[in-house]
Amino acid sequence: MKSNPDQYSLFNNLDAGEKLPGDYKQELLPICDGGYFDALAAIGFAAVVHSYLDIDEADSPLIEWTPNGFMVSYANKPERAVPDLGWLRYSVAGAWRKGDKDKWKAHDNHTKKARGWDGAELINTDGAEIDVSQDPQITIPLGEGTILVTEPMRQLYGVANKLGSPEWFNLCVFACRMRGQELINGSFSEKSVPLNSVVLPQASKGASGSNSFSIGNTSLADTISTSLSRYTCLAVAGFIIAAKGQSPQKAVQGFAIPVPKVLRLETVKRISDGNRRRLTNGGFFFSYDNYLSFIKQLLIYKEDIGLSNEESSLFSIAGANFIPLGNSSSPSSSWQLVVPKHHYTIGSVDRLQNLLRKWRAVNQAGQNKTVSIDRAAVAKLMRGFEYSDPAETTSGYLDYVFDVGLNGPKNGSFYFLTQKLFEEIMAYKYQTLLDQLLGSEIKPFIDLVRQETYGAAFPPKGRDKTQPNYQMIRSLREVQNVDDFIKAITEIAIERGVSKIATANNDSSKTKYWINPYEPSLRKLIELAESKEGYSPKLLANLILSFALSKRAYEQVEGEEDAEKELETTLIDENED
C-alpha cells in the first residue's frame, strides 16, 4: 500500500479481497476499444461522479488503467444539494440560429437535441450552452509575445459539430445533466442513445458515409447500442473534459485526449486545459504534436505541485482521425501513442516537438502550403521516442538532418535535438553502451566527427563557417555490417590522424601525435561492434553521428533564436489557414 492511502488508493496495489482505505467506492469499466473510447468513458464517469457527489477538489476521483479496464476510485460521499453541472454545456450550431421554422430556432436559452426518451427536440439549456455561431477569442502566450485564438471550448464544440452530430451530442449532455445518478449506478439504458464516430470512430465509410454509427453500411443493432448507451453518454462527458479538437482545411482532422495510467480527475482537467490553450500543428502532425504536448503538460504540472510518477502518470495519448471527403468528413481511424518508459525531461520533449514543427515547415510547398514529407522517417523518429529505442530515434533524426541540411536548409535555420535526449533514451536499456560512448576512449572520435560536420556549419564564436563533411556523414550512414563499420571509422581516423601527425613537424613536445591519436577509439569501437552484447554496427554508427550532430548542454548556437522565431511564425500561418 502507499504511504498515504487517504490521498491515493491505487487499485494495482490492492491484494485480492482487500478493501479500499477509508470510505471509498470503485467502478471497473469494461473494455470496448482498448483506447480512445474507453479513456473518454472513464474520464466522463469520474467527472459525473464528482459533479453529483459532494467530493472535495483535492480528493477528486482517481482514474487508473488496468489490464481489465479502467478503474475509477472515488470517495463515498452524499449527493450535492445542487449538482455542479456548469461544465456540461449544450451545443448551439450556427445553422440553428437561421432556421425558418420556429421549432428549429435556437434562441432564448433553447437549443435542439435528438429525440430521446422524453420525445422533445427543442430544450431549455438553462444558459448552459456554447454558441458556435459566435467566435469568442482568448489571448495565449507565443514566444515572447501573445496571440488571439478561438476560445478552446468554442473550437472543440465547432469541430464536434462538423465531424459528428450536434443533436446527438446534446442528447448525451442532456442525459448527463438529467439522469446523472443512473449513469453513476449503472441503471441507465436507452435505445435512443446511439454510438457516434466522435467518440468511437470506425474505418472510413467513403464519401457517402454519414457520422452515424454503422457496420458494413447497416445500422448497429439496437441491443448493442442500447447496452453501450451508458458509456456513450459518459464518453461525451469525458470528451468535454479532456478532448482537443482540430479542423484545418484540406487535412486530417480529429481529436486527441490523455489516457490515464494513474491520474486524478483534477490533473486530467489541468493538463487538458493547458493543451487546449496553445497553437497546434495539424494534419499528419496532429497526433504527434498533441502526444508531446500532453506529456509536457503533465511534467510541468507535476513539477509545480511536486507529484511523483507513481502518484500521477499517463499510459498513452489517444485520438480519432477524420478525413475530408467532398463537403463532408468521414471517420478514418483511432490512434494511440504509448508514453515512453524511459526518463525524459521537459526540455527534451519540448525540443522534439519543435523539431517536428521545423521539419514540417521546411517541407511546405507553394502558396497552399501543402506539406510533402517522408512520413515514414517522421514515424520512425517518434516510434523511437515512444518505445525508448535508440536505433529508431537516431535513424529518424539523421533522416531529418539529411532532409533539412546542416548548411543552407531549404527554408530557414536548422534546428537541433540535444544530446541529452539520446542519453535519456539510451539510459533505459543501453546504460553500459552510453557509458562507453561518453568515456575517454570513444569520445575523441565523436568529437572528431562533430568538428568536421556540426562544427563546420556552426563554429565557435570568432571562427568562419565552412562546408560540412557530408562524405564523412554518408560513410557512417551507409554502414550495414561490421566490415562497413570498421572501414568507415578507420578511414575517418586515418585521414584525420595523419593530418595531426603532419602538423607535429618533429616537435618533440608533440611526439605523441606520431601514434594515431584515434587508435584507442578505433580499438574500442571495433570491440563493441564485434562483441556478443548485440550492439549492431549500424546502431553504433548512427549513435556516433547523432551525438556529433546534436546540441550539447549549455552550448550557445548561432542562429538558434532565429529558428525559434521561425517556428512561431509557422504555427501562426498554419492556424490562420
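Derivation of every value follows stated rules applied to the coordinates shown; laboratory data play no part. Please read these numbers as outputs of a predicted model, since none were measured by experiment. For neighbour counting, all protein chains shown are included, and Cβ atoms are generated from backbone atoms with ideal geometry for every residue, glycine included.
Computed from the C-alpha gyration tensor, the three semi-axes of the ellipsoid equivalent to the range 255-362 are 26, 17, 12 Å, from longest to shortest. At an R0 of 45 angstrom, the distance between the Cβ atoms of VAL482 and THR146 translates into a FRET efficiency of 0.25. Under a 5 Å amide H cut-off, with hydrogens placed 1.01 Å from N, SER330 pairs with ILE323, LEU325 among residues at least 5 apart or on other chains.
Amide H contacts under 5 Å for TYR24: ASN76, restricted to partners 5 or more places along the chain or on a different chain, H placed in the peptide plane at 1.01 Å from N. Packing here is the average count of other Cβ atoms within 10 Å per residue, and on that basis the peptides 461-470, 24-33, highest first, run 24-33, 461-470. Checked against a 28 Å cut-off, the cross-linked pairs LYS429/LYS551; LYS296/LYS465; LYS162/LYS341; LYS443/LYS487; LYS380/LYS551; LYS296/LYS532 give Cα-Cα distances beyond that limit for LYS296/LYS465; LYS162/LYS341; LYS296/LYS532.
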